[in-house]
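The values are calculated or read from the model by the stated rules, or taken from the named source; none is laboratory data. Predicted model only: the values in this text are computed from it and were never measured. Because the Cβ atoms are built from the backbone with ideal geometry, glycine has one as well, and the counts that use them run over all protein chains shown. To get the accessible areas, we keep the full protein, side chains included, count just its heavy atoms, and leave off ligands, DNA and RNA. Shrake-Rupley method; radii C 1.70, N 1.55, O 1.52, S 1.80 Å.
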Amino acid sequence: MHNDWCPGCGDFGILNAVQMALAEMNVDPSSTVVVSGVGCSSKAPHFIKTYGVHTLHGRTLPFATGIKLANPNLEVVAEGGDGDGMGIGAGHFVNSGRRNVDMLYIVHDNEVYGLTKGQAAPTMKLGMKTKSLPLPNINQGINPIMLALASGYTFIARGYSYDVRHLKDLIIKGIRHKGFAFLDVLQPCPTYNDIQTKEYWAGEGNLDANGHQQPRTYKLEETGYDGVVHGGAADEVQEKFQQAVLKSFEFGDHTPIGVIYQNEFIPTYEERLVGRAPTYLSNPPASQEISKPDGTPLANIDKLLEELRVT
Ligand code: SF4
């Protein structure tokens with residue numbers, strides 16, 4: 001399919017990383033669904049050879065959640081922009097953290113609404129003025145890492161779209177994670193965001209004491225940072241959570257990429273459902289017959305309506 005992303009758009013790096021991750025994991029394309037909302041990045045499912053659903057603005061997560069819960073055997077990856085996910089979709093973002101459905105959500109974070117000509121998106125910092133804005137941004141920016149922590153996400157990571165191999169590894173970790181994985185990706189939009197460009201993240205203007213250019217991203221794993229909860233004890237969880245909160249404040253000249261927090265000791269939504277419906281995983285909704293071979297519904301609608309009748 002024709003791709004009309006602008007030349008140099010960070011979306012290309014994320015697309016490559018997703019394709020590389022799915023290929024390396026040897027996933028079955030017929031058992032994989034990529035779900036998106038609306039925005040430049042939400043065109044991604046059109047370019048990935050799996051099932052794909054390009055849904056409504058801000059509704060990426062409800063669709064993806066429904067698909068996964070109807071058929072928990074599917075690999076579900078949700079993908080979209082920061083405007084889609086942190087603006088109109090913010091309520092869904094918060095409540096998805098509470099549920100902990102076993103899937104991955106990748107946010108292309110470029111701080112602008114690229115598809116509609118560069119308005120300030122929810123992650124843009126207060127006072128920032130890109131070339132697409134007549135005046136500096138009047139609102140504070142959402143901190144997506146902090147919001148994910150506060151919402152209960154059990155895997156929280158940040159990647160950079162032009163570090164494709166590192167991003168690919170994060171995508172694989174996110175897919176393998178047991179629970180809801182959130183991956184915030186720094187994604188230059190060279191057309192409308194002339195501040196956080198590829199050159200900016202490479203270190204343009206960020207010089208050390210010797211006048212050497214310093215990249216503005218650094219890899220957490222190269223500093224000895226370990227965001228993974230290994231034992232599940234309350235004091236360990238608290239310690240890992242607190243260090244993740246501190247990392248969430250690092251942005252700009254010294255921005256961490258890598259796994260910030262991971263806790264697989266929280267039950268997934270699917271596990272909680274099994275507690276109520278023991279046959280859920282062996283006989284999920286998508287496997288249940290809803291009609292006879294001639295198309296006659298199996299459900300007795302009259303009986304259902306009778307049960308719902310208000311007298
Ligand atoms: Fe990418 Fe920005 Fe162009 Fe959209 S407007 S395709 S985000 S460079």
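Below, the figures for the structure above:
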item	result
For residue 129: the one exception among (1) of a type in the set (D, E, K, R); (2) surrounded by fewer than 21 Cβ atoms within 10 Å (Cβ to Cβ); (3) touching a strand residue (DSSP E or B) at 6+ places or on another chain (Cβ under 8 Å)	(3)
Residue check for residue 146: under 21 Å from the mean Cα position of the chain (by Cα) and either within 16 Å of the ligand (Cβ to nearest atom) or among the aliphatic types (A, V, I, L, M) (or both)	yes
Tally, over the range 24-47, of residues that are buried (at least 18 other Cβ atoms within 10 Å of the Cβ) and either among the acidic types (Asp, Glu) or away from the ligand (no atom under 16 Å from the Cβ) (or both)	4
Members of the range 91-119 that are surrounded by fewer than 24 Cβ atoms within 10 Å (Cβ to Cβ), within 16 Å of the ligand (Cβ to nearest atom) and of a type outside the set (Ser, Thr, Tyr)	115, 117, 118, 119
Filtered residue count, the range 48-68, keeping only those that are open to solvent by 50 Å² or more (accessible area, probe 1.4 Å), closer than 17 Å to residue 82 by Cα and either without any contact (Cβ under 8 Å) to a residue 24 or more places away in the chain or acidic (Asp, Glu) (or both)	2
Residue that is farthest from residue 75 (Cα to Cα), among those in the range 179-201 that are of a type outside the set (A, V, I, L, M, F, W, C), more than 12 Å from the ligand (Cβ to nearest atom) and touching a strand residue (DSSP E or B) at 6+ places or on another chain (Cβ under 9 Å)	184
Tabulated pairs, the range 1-21, first away from the ligand (no atom under 11 Å from the Cβ) and of a type in the set (Val, Ile, Thr), second open to solvent by 50 Å² or more (accessible area, probe 1.4 Å) and not in a loop (DSSP other than H, G, I, E, B), C-beta under 9 angstrom, 6+ apart or interchain	none
Output for the range 175-224, where each listed residue is open to solvent by less than 40 Å² (accessible area, probe 1.4 Å), aliphatic (A, V, I, L, M) and assigned to a helix (DSSP H, G or I)	175, 220
So residue 302, is it modelled with pLDDT under 90 and loosely packed, with under 10 Cβ neighbours inside 10 Å	yes
The one condition in (1) β-branched (Val, Ile, Thr); (2) open to solvent by 40 Å² or more (accessible area, probe 1.4 Å); (3) within 16 Å of the ligand (Cβ to nearest atom) that residue 88 fails to fulfil	(3)
Matching residues, the range 277-311, being in a helix (DSSP H, G or I) and more than 28 Å from the chain's Cα centre (by Cα)	301, 302, 303, 304, 305, 306, 307, 308
